[in-house]
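Here the structure comes first, spelled out in structure tokens, and everything after it is commentary.
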Amino acid sequence: MNRIEELEQLEPADFHCDESRSYALELLKALKKIEVMKLKLLKLREVLDE
């Protein structure tokens, strides 16, 4: 299981406070954006290699 999947599986009860839950949700959003950019860069690399 990767980091994104781990964060998606967390329940509100898994956090000690709302602040840590909020931080985890922001981290999840950032990781998803990074994953999308990674896929776009890989596609760009394929196009440039042709």
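Look at ASP14 and say whether it is surrounded by 10 or more Cβ atoms within 10 Å (Cβ to Cβ) and of a type in the set (D, E, K, R). In short, yes.
Being out of contact with any Gly (no Cβ under 6 Å at 6 or more places or on another chain), open to solvent by 70 Å² or more (accessible area, probe 1.4 Å) and at pLDDT 90 or above is a description that does not apply to MET1. In this entry, GLU35 passes the filter for residues that are modelled with pLDDT of 80 or more and either in contact with a Cys (Cβ under 6 Å, 6 or more places away or on another chain) or acidic (Asp, Glu) (or both). Do we find that ILE34 is in contact with an Asp or Glu (Cβ under 8 Å, 6 or more places away or on another chain) and not basic (Lys, Arg) in this structure? Against the criterion (in contact with an Asp or Glu (Cβ under 8 Å, 6 or more places away or on another chain) and not basic (Lys, Arg)), ILE34 does not qualify.
Using the structure shown, decide if LYS29 is over 11 Å from the mean Cα position of the chain (by Cα), open to solvent by 90 Å² or more (accessible area, probe 1.4 Å) and not polar (S, T, N, Q). For LYS29, the condition - over 11 Å from the mean Cα position of the chain (by Cα), open to solvent by 90 Å² or more (accessible area, probe 1.4 Å) and not polar (S, T, N, Q) - is not met.
The values are calculated or read from the model by the stated rules, or taken from the named source; none is laboratory data. In this text, all values refer to a predicted model and were calculated from it rather than measured experimentally. Note: ideal-geometry Cβ built from the backbone for every residue, glycine included; neighbour counts use all protein chains shown. Only protein heavy atoms, including side chains, enter the accessible area calculation; ligands, DNA and RNA are left aside. Shrake-Rupley method; radii C 1.70, N 1.55, O 1.52, S 1.80 Å.
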